[in-house]
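Written out below as structure tokens is the structure these notes cover.
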Amino acid sequence: MTATTDAKATNIVWHDGSFTRKEREDILGRKGFTLWFTGLSASGKSTLATALEQHLVAHGVSAYRLDGDNIRFGLNKNLGFSDQDRTENIRRISEVAKLFADSTTIAITSFISPFKADRAVARELHNAAGIPFIEVYADVPIEVAEQRDPKGLYKKAREGVIKDFTGISSPYEAPEAPELHIRTDLVSVEEGVRNIVAYLEKRELLTLSKGLKRESDGKSDVASKTVKA
């Protein structure tokens, strides 16, 4: 199945709501934006995104994770892995992430999103709406990704069982200037989350009154301190 981005709907008119985004932010006391995690399969982007979501929600922050595999069980289940379908996959999730962010929720997307042009479209979509877009590059040498291979996908790709596999038979175009560049083979999950939170606080997109430990029980909000992302 191939997809097209050509607009087919006619006789439609945009209907504004009762609140502007600024009014909604002021009333709810929070800002929405999108954190776009990109990287090879087994780069640790989903592990890091999940830990970040856990940390934010534990601190009362409205955040929701949109995962590449999960989306293909529903919204994008009619898309394959051809270049055209990959582009449509990212276009759809870009629109969904923007809606979450517009509602003052932090959208955390975790998609391989291998093509620079597709990520640029996602960024421009947010820029045009005045919504912050933060690209997080979960970087790892492909040799390390293959060693991890939790789903056995690299092995199948090397054997020719899986076609169009990113990093093996389909290209991954690394970000040139991501807002955050995290070598997941060199830092722990917790350290990665700390780095992201510190960046968001520096940009005044987020303010957490406590650190990575809950005041009530002294336990870490992040699932693991030692496992690499």
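The values are calculated or read from the model by the stated rules, or taken from the named source; none is laboratory data. What you are looking at is a predicted structure, and each value in this text was computed from that prediction instead of being measured. All Cβ positions, even for glycine, are placed from backbone atoms using ideal geometry, and neighbour counts span all protein chains on display. For the accessible areas, the whole protein counts, side chains as well, though only heavy atoms, and no ligand, DNA or RNA atoms are used. Shrake-Rupley method; radii C 1.70, N 1.55, O 1.52, S 1.80 Å.
For a 19 Å ceiling on Cα separation, which of these pairs sit above it: LYS22/LYS98; LYS31/LYS98; LYS45/LYS116; LYS45/LYS151; LYS8/LYS116?
Beyond 19 Å between Cα atoms: LYS8/LYS116.
For GLY167, the residues whose amide H sits under 5 Å from its own are TYR172, ignoring neighbours fewer than 5 places away on the same chain, with H placed 1.01 Å from N. Accessible surface for the chain, divided over its residues, is 54 Å² per residue with a 1.4 Å probe.
The H on the amide N of ALA63, modeled in the peptide plane, is under 5 Å from the matching H of ILE106, each at least 5 residues off or on a different chain. Centre-to-centre separation between the Cα atoms of segment 107-128 and those of segment 131-147: 14 Å. As a length-normalised measure over Cα pairs under 8 Å and 6 or more apart, the relative contact order of the chain settles at 27 percent. Per-atom-type breakdown for segment 156-210 gives carbon and sulfur 45% of the accessible area (1.4 Å probe, protein chains only). Looking at the chain alone, DSSP beta bridges between its own residues are antiparallel in about 10 percent of cases.
Cβ under 11 Å from LYS156's Cβ, LYS156 left aside: what net charge do those residues give with Lys, Arg +1 and Asp, Glu -1? Walk me through the numbers on the way to the answer.
Details: positive: LYS151, LYS155, ARG158, LYS163; negative: ASP149, GLU159.
For residues surrounding LYS156, the net value is +2.
Extending 7 Å from Cα along the Cβ direction at ALA177 and again at ALA120 yields two label points whose distance is 1.2 nm. Taking a point 7 angstrom from the Cα of ASP83 along the C-beta vector, which residues in segment 92-135 have backbone N less than 15 Å away? Residues 114-119 fall inside that zone.
Where Lys and Arg each count +1 and Asp and Glu each count -1, what net charge lies around ALA122 among other residues with Cβ under 10 Å from its Cβ? Cβ neighbours under 10 Å give a net charge of 0. Only the Cβ atoms of Lys and Arg (+1) and of Asp and Glu (-1) were treated as charged; on that basis the dipole of the chain about its Cα centre amounts to roughly 380 debye. The calculated 222 nm mean residue ellipticity attributable to helices in the chain amounts to -11500 deg cm²/dmol, summing -39500 (n - 2.57) over DSSP H runs of n ≥ 4 and dividing by all residues. Amide H to amide H distances under 5 Å link GLU135 with TRP36, GLU179, LEU180, where only residues 5 or more positions off or on other chains count and H is placed in the peptide plane.
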